[in-house]
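Read-outs: derived from the displayed coordinates by stated rules, not from any lab. Since we're looking at a predicted model, the values are computed, not measured. For neighbour counting, all protein chains shown are included, and Cβ atoms are generated from backbone atoms with ideal geometry for every residue, glycine included.
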Amino acid sequence: MRSRAALFLAAGLIVSWPAAAENIHPPKSTAERALDGILKHADQDPDLRDNLFDGRGQRPFRPAEDYSKVLTAPLIAAMSAKEKALVQARCDGHYRKGELCGLDYSPITCAQDLSDSYLYRTEATGGDRAEISYYWPGTKNPVATYRLVRQAETWKVDGIRCADGDAFNFGKS
């Protein structure tokens with residue numbers, strides 16, 4: 001009897017898996033649209049890491065973008081901690097001109113490359129929270145999963161888990 005139940009469960013999963021893949025779509029919900037705007041804005045910022053990490057050693061530095069409007073303080077702190085740890089490990093704690101000391105990818109998009117469009121799937125939602133994965137068109141695996149929180153009617157990213165294993169303010173799942 002147990003094997004029969006297991007067989008029906010496995011068959012149900014196989015049948016439902018393609019349906020899950022069909023749930024990958026252009027941004028629909030307000031949270032997905034907010035995330036889409038954040039990712040596209042980050043893609044267009046040529047000084048993203050400087051703006052996030054206080055100029056990465058440049059003095060004087062004035063950030064051209066204020067990411068605290070779309071990222072929570074704990075998320076920015078987690079990204080900064082990772083950057084600082086890499087700079088310490090790779091360059092003895094100081095940025096060096098011409099050397100890769102910190103992150104070599106966008107910690108917001110979890111990628112080095114840019115995309116013209118993204119696809120999304122909301123993994124969980126409730127009240128003022130949402131967990132959303134994003135995909136590059138033509139791929140079946142998410143690039144990253146985001147935890148968003150709504151603060152004062154604005155969706156902000158509060159946690160990021162990149163597919164490569166890096167995570168920022170996004171605990172183990």
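Points worth noting:
- Applied to the stretch 124-135, the Karplus parametrisation 6.51 cos²θ - 1.76 cosθ + 1.60 on θ = phi - 60° returns per-residue 3J(HN,Hα) values of 7, 8, x, x, 9, 9, 8, 10, 10, 9, 10, 10 Hz, with x for Gly and Pro.
- With contacts taken as Cα pairs under 8 Å and at least 6 residues apart, the stretch 26-168 reaches a relative contact order of 21 percent.
- Too-long pairs where the Cα-Cα distance tops 24 Å, listed order kept, from 82/140; 69/97; 28/69; 40/97; 28/140; 28/156: 82/140; 69/97; 40/97
- Bridge type composition, the stretch 26-168 - antiparallel percent by DSSP, nearest 5: 95 percent
- In terms of its C-alpha gyration tensor, the stretch 119-173 has an oblate overall shape, because the principal axis ratio a/c (a ≥ b ≥ c, square roots of the eigenvalues) is not below 1.5 and a/b does not outweigh b/c.
- The residues packed around residue 159, meaning those with a beta-carbon under 11 Å from its beta-carbon, carry a net charge of +2 if Lys and Arg are +1 and Asp and Glu are -1.
- Using all pairs of distinct alpha-carbon atoms, the Kirkwood hydrodynamic radius of the stretch 26-168 works out to 15.7 angstrom.
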